[in-house]
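The values are calculated or read from the model by the stated rules, or taken from the named source; none is laboratory data. Remember, it's a predicted structure, so these values are computed and weren't measured experimentally. In this analysis, Cβ positions are derived from the backbone assuming ideal geometry, glycine residues included, and neighbour counts consider all displayed protein chains. Remember, those area values only see protein heavy atoms, side chains included, never the ligands or the DNA or RNA. Shrake-Rupley method; radii C 1.70, N 1.55, O 1.52, S 1.80 Å.
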2 protein chains.
Amino acid sequence: MNRQQDLAPVPAASIGAWDHEADVVIAGYGVAGAAAAVEAARAGADVLVLERTGSWGGAAAMAGGFIYLGGGTAIQTACGFTDSVDNMATFLNAAMGPGADENRIADYCAGSVEHFDWLVDCDVPFKAEFFGEPGWEPMGDQGLMYSGGENSFPFNSIATPAPRGHIPQMSGKKQGEASAGYMLMKPLVDTATAAGARALYDVRVQRLIVESDGRVTGIQARHFGTETNIRARRGVVLATGSFAYNDAMVAQYAPRIAGRPAASIEQHDGQAIRMAQALGADLAHMDATEVAIFIDPQQLVRGILVNSRGQRFVAEDTYPGRVGQLTLYHQDNTAFLIIDGDAQEDAMASLSPQLMMRPPTWVCESIADLEQEMSLAPGCLQATVAAYNEAAARGEDPLLHKKPQWLKPIGSPVGAIDLRESTGGFTLGGLQTTLDSEVLHVSGEPIPGLYGAGRSTAGLAAWGYASGISLGDGSFYGRRAGRRAAKG
Amino acid sequence: MNRQQDLAPVPAASIGAWDHEADVVIAGYGVAGAAAAVEAARAGADVLVLERTGSWGGAAAMAGGFIYLGGGTAIQTACGFTDSVDNMATFLNAAMGPGADENRIADYCAGSVEHFDWLVDCDVPFKAEFFGEPGWEPMGDQGLMYSGGENSFPFNSIATPAPRGHIPQMSGKKQGEASAGYMLMKPLVDTATAAGARALYDVRVQRLIVESDGRVTGIQARHFGTETNIRARRGVVLATGSFAYNDAMVAQYAPRIAGRPAASIEQHDGQAIRMAQALGADLAHMDATEVAIFIDPQQLVRGILVNSRGQRFVAEDTYPGRVGQLTLYHQDNTAFLIIDGDAQEDAMASLSPQLMMRPPTWVCESIADLEQEMSLAPGCLQATVAAYNEAAARGEDPLLHKKPQWLKPIGSPVGAIDLRESTGGFTLGGLQTTLDSEVLHVSGEPIPGLYGAGRSTAGLAAWGYASGISLGDGSFYGRRAGRRAAKG
């Protein structure tokens with residue numbers, strides 16, 4: 001059997017007997033699949049979730065658990081922050097582009113408060129406490145944090161800053177422990193189970209089963225190595241995650257993230273995207289990726305980040321994922337953090353989790369020496385530091401508008417942390433869907449019976465990102481997929 | 001009829017009578033289609049080319065006519081340049097990436113000299129004269145020019161510089177006249193016609209016709225508004241160009257070029273890509289684009305180009321298309337050319353075509369005044385110019401390695417040309433094909449009977465570009481498609 005046959009749609013007429021049946025069949029039991037299962041089951045559908053591994057969870061259960069929500073959620077209000085649907089949309093339109101889908105952003109923002117309440121109703125716990133330190137995650141069990149650079153330049157000049165990273169509470173969370181994503185997934189799966197959703201584990205989805213009129217009516221899969229046909233009486237929901245671990249797809253669609261997957265899982269092999277493409281499904285934003293930069297934000301804010309020409313290029317106190325994207329895509333994955341001895345000590349003594357605290361690669365007494373040590377063009381770093389120091393002494397950063405609290409002239413001894421090739425991330429592109437999570441054919445029409453959500457679909461982010469966007473749009477449009485599929 | 005039906009493959013069994021028949025049916029009579037027609041006809045196939053407009057030519061006939069070739073062509077040798085297959089591949093691997101396909105580049109370079117000879121054999125005229133001035137095109141009828149920054153930093157430190165832009169000769173070419181691309185297309189079409197290829201004009205291809213076993217055996221089209229079925233006994237070649245003029249596709253796949261198509265034609269609506277996607281065809285490098293920046297290179301080399309932070313970011317004497325890409329993608333489409341009065345006068349008096357010569361947007365007596373006039377952060381441009389001038393006085397550019405011949409301290413009066421939103425270009429991504437121009441299914445297997453070449457396919461460029469790559473890989477892999485399709 002050649003590989004093309006492995007993906008080609010199976011005619012429903014060729015199926016002798018169905019091994020399993022349900023109204024709604026969901027591929028993947030991560031956050032999108034779980035949200036779809038809850039809503040489809042609550043709508044009265046008989047639901048079967050197919051999961052490739054031995055347990056529910058997906059990438060979500062391993063994640064930091066951020067869910068990007070706003071517009072005035074109960075937690076935002078309890079923590080004293082004001083937000084609105086329009087303000088949230090203004091931020092996302094600026095931060096998720098260029099190329100972000102304004103209609104999807106408007107839709108997501110309009111439903112955001114309701115979605116938070118729905119999560120709470122599913123028993124996802126949130127503690128009404130704000131974490132205000134620089135970091136990738138809260139140090140403790142705080143439920144709210146800035147997660148997209150909302151309070152940093154340029155976004156703080158575009159929309160009113162409001163933190164929108166909502167983090168499920170882990171009782172007694174300690175550093176290095178299992179992530180808050182588990183505290184999102186456990187209640188959702190419990191809710192789905194209580195609503196009647198069933199699950200089948202160790203099932204690898206292979207091909208879509210299609211009626212002669214083009215309607216998707218099932219999935220062919222391998223279950224412990226045996227070919228298995230699963231009938232979907234009302235619809236199939238694809239929710240198997242991204243293509244970050246499919247080397248061929250990454251080379252074709254997002255080559256710059258090749259070789260550096262992060263915050264992803266090996267199961268993210270693009271299979272759902274491939275199966276739907278074989279039916280003529282359309283794609284969007286396949287080149288978009290989340291990008292982490294492997295350094296502690298407590299260090300980032302206290303130094304200045306320069307490129308291979310010794311030039312600053314981003315406010316160091318913004319969302320570190322934005323620093324990662326700009327480093328990988330705009331600076332050829334080359335950056336150096338210039339940080340003096342006092343700042344390094346302050347960072348080490350700070351409240352952050354310190355998991356990514358890094359020692360300087362070079363340490364010198366003067367910037368001139370450091371520049372030479374780093375093999376930068378003569379004078380370029382000296383000019384950058386002189387300009388930064390002069391303005392920082394006045395509490396200003398006219399070039400990049402880092403917030404005054406982090407402005408301090410760089411002294412001696414001074415170090416540089418080599419951040420070349422220090423990025424990683426996951427892919428954000430995937431199947432093109434409607435706001436009702438219908439998978440679109442290249443003709444622009446929905447493929448009957450086929451729905452999708454989560455990172456196997458193109459979501460809110462076209463180029464930018466904020467922590468919580470994937471669990472956010474995955475759960476939000478997962479619900480839509482479940483409701484829509486249950487209607488048949 | 002809904003749009004999905006418009007693209008869905010047509011079962012061959014449903015075709016009552018064929019309106020036209022040929023061994024090889026080629027969609028699109030631009031450079032890829034013409035090259036395919038020549039080779040298929042020479043291989044003994046009965047060839048029919050379907051062209052949407054009233055005449056052959058496509059984007060190629062309107063283009064500057066550059067064909068990227070090297071490794072020691074007759075013209076390179078006659079003009080005194082040494083090149084080799086390996087040297088050419090080293091350059092292309094550096095300049096066409098990140099993400100460029102090394103196998104395709106090796107294949108293209110190995111066949112480059114033979115391809116040049118083939119073009120000459122098809123009566124495409126080339127004059128053995130080198131044009132060495134900065135510019136987008138030669139001023140006269142010279143046949144050879146640098147077209148990818150081969151002799152500029154960083155590429156001149158990676159591979160031995162050799163010009164590879166080969167330009168067909170127009171007798172008595174004058175500024176503003178019809179382009180050299182016509183002198184490529186006319187001989188190719190004449191050769192195809194002499195070899196027996198037929199053409200049908202005003203035909204819009206709509207859907208692929210497919211046997212029950214998946215083999216493509218024809219095209220359904222509209223001919224003067226009438227549905228027309230064209231049988232391809234041996235194979236179909238898709239060569240209808242890019243998707244630069246399909247707004248929906250650009251929004252999904254290459255949003256940053258949205259609203260700024262250039263060097264493209266309205267017929268580039270992605271139809272061939274769509275038709276093949278409906279069959280499960282795979283794509284590659286859909287986000288890649290060529291980017292022109294609308295200014296005369298004679299000005300570029302004599303000034304310094306800075307971003308919104310007053311920082312230089314590219315050697316100003318490199319391929320201007322590279323300047324365009326870096327400006328659009330790395331600098332948020334924001335650049336300013338700082339040029340003093342003498343340099344502007346020199347540029348105006350230079351040998352360039354001067355079609356894109358631009359006046360300064362602001363003129364001041366000092367850099368300090370200019371910086372303020374431009375609303376840049378205080379001091380940033382002054383530091384940049386001071387560093388540039390100090391080194392330029394010594395004939396050096398340690399930051400970006402502009403060639404000494406263009407280094408001259410910037411004096412007074414000094415102007416700045418506003419190059420914000422001054423870019424445009426066309427898309428480079430498309431169908432994923434084998435080196436034999438077979439269109440690949442998402443499974444990784446060729447789709448039987450379906451071939452593709454030109455800008456409806458992903459070619460040599462993943463991210464970078466050089467003038468002549470599109471006519472180069474379009475004609476090169478067009479030939480492959482014609483030969484492969486003729487075999488059936």
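General remarks:
- Going by accessible surface with a 1.4 Å probe and the largest first, A:ASP317, B:ASP46, B:ASP247 read B:ASP247, B:ASP46, A:ASP317.
- Using a Förster distance of 45 Å, the FRET efficiency for B:GLU102-B:ALA17 (Cβ separation, nearest 0.05): 0.40
- C-alpha center-to-center spacing [region B:93-146, region B:414-470] in angstrom: 17 Å
- When the helices of chain B are scored as -39500 (n - 2.57) per DSSP H run of n ≥ 4 and the total is divided over every residue, the value at 222 nm lands at -8000 deg cm²/dmol.
- Projected label distance in nm at B:ASP86 and B:ASP121, using a 7 Å step from Cα toward the beta-carbon: 2.8 nm
- Rounded to the nearest 10 degrees, the inclination of helix A:85-95 to the longest alpha-carbon principal axis of chain A is 70 degrees.
- Accessible area of A:LYS186 (1.4 Å probe, protein heavy atoms only, ligands and nucleic acids ignored): about 70 Å².
- Compactness of region A:295-421 was expressed as the Cα radius of gyration divided by 2.2 N^0.38 Å, which yields 0.95.
- Environment charge at B:ASP19 (Cβ cut-off 12 Å; Lys +1, Arg +1, Asp -1, Glu -1): 0
- For region B:295-421: relative contact order, % (alpha-carbon pairs under 8 angstrom, 6 or more apart): 35 percent
- Square roots of five times the Cα gyration tensor eigenvalues for chain A, Å: 43, 23, 19
- Whole-angstrom gap from region B:292-333 to region B:1-69, using each part's C-alpha centre: 38 Å
- Its relative contact order, with pairs defined as Cα atoms under 8 Å and 6+ residues apart, puts chain A at 24 percent.
- Rounded to the nearest 10 Å², the accessible area of A:PHE81 at probe 1.4 Å: 50 Å²
- Carbon + sulfur, % of accessible area of the protein assembly as shown - ligands and nucleic acids excluded, 1.4 Å: 49 percent
- Dipole moment magnitude, nearest 20 debye, the protein assembly as shown about Cα centre, only Lys, Arg, Asp, Glu C-beta charged: 1980 debye
- Solvent-accessible heavy-atom area per residue, rounded to whole Å², over region B:1-105 at 1.4 Å: 36 Å²
- Positive-pole candidate from B:ASN333, B:PRO359, B:SER412, dipole of region B:295-421, charges at beta carbon: B:ASN333
- For the pair B:ALA251 and A:GLU390, a Förster radius of 56 Å applied to the C-beta separation gives a FRET efficiency near 0.80, rounded to the nearest 0.05.
- Listed residue (A:GLN298, A:ALA162, A:GLY270) projecting farthest to the positive dipole end of the protein assembly as shown, Cβ model: A:GLY270
- Burial of 50 Å² or greater, region B:399-437 residues [accessible area, probe 1.4 Å, versus chain by itself]: B:LEU399
- For a label point 7 Å along the Cα-to-beta-carbon line of A:SER366, residues of region A:408-431 with backbone N under 14 Å: A:412-414
- Net length gained if the chain between A:ALA262 and A:HIS223 were fully extended (0.36 nm per residue, minus Cα distance): 11.2 nm
- If R0 equals 25 Å, the separation of the Cβ atoms of B:ALA110 and B:ILE158 corresponds to a calculated FRET efficiency of about 0.80.
- Per-residue mean of foreign Cβ neighbours for B:372-381 is 3 (Cβ atoms of other chains, 10 Å radius).
- Using alpha-carbon coordinates, inclination of helix B:380-392 to the longest axis of chain B, degrees: 80 degrees
- Selection from B:GLY72, A:GLY488, B:MET96, by position along the positive dipole direction of the protein assembly as shown (Cβ): A:GLY488
- For B:200-213, mean number of other protein chain Cβ atoms within 10 Å: 0
- Protein heavy-atom accessible area occluded, A/B pair - total, 1.4 Å probe, Å²: 3800 Å²
- Which of B:PHE153, A:PHE131 is most accessible, then next, and so on - probe 1.4 Å: B:PHE153, A:PHE131
- Between the Cα long axis of helix B:181-194 and the first principal axis of chain B there is an angle of about 20°, rounded to the nearest 10.
- Residues of region A:235-270 buried by at least 20 Å² on assembly (accessible area, 1.4 Å probe, chain alone as reference): A:GLN252, A:TYR253, A:PRO255, A:ARG256
- Inter-copy separations for A:GLY411, label at 7 Å along Cα-Cβ, nm, ascending: 4.6
- Of the peptides A:194-201, B:296-303, B:358-365, the order by per-residue mean of other Cβ atoms within 10 Å, starting with the highest, comes out as B:296-303, A:194-201, B:358-365.
- For residues of A:274-280, the mean tally of beta carbons on other chains within 10 Å: 6
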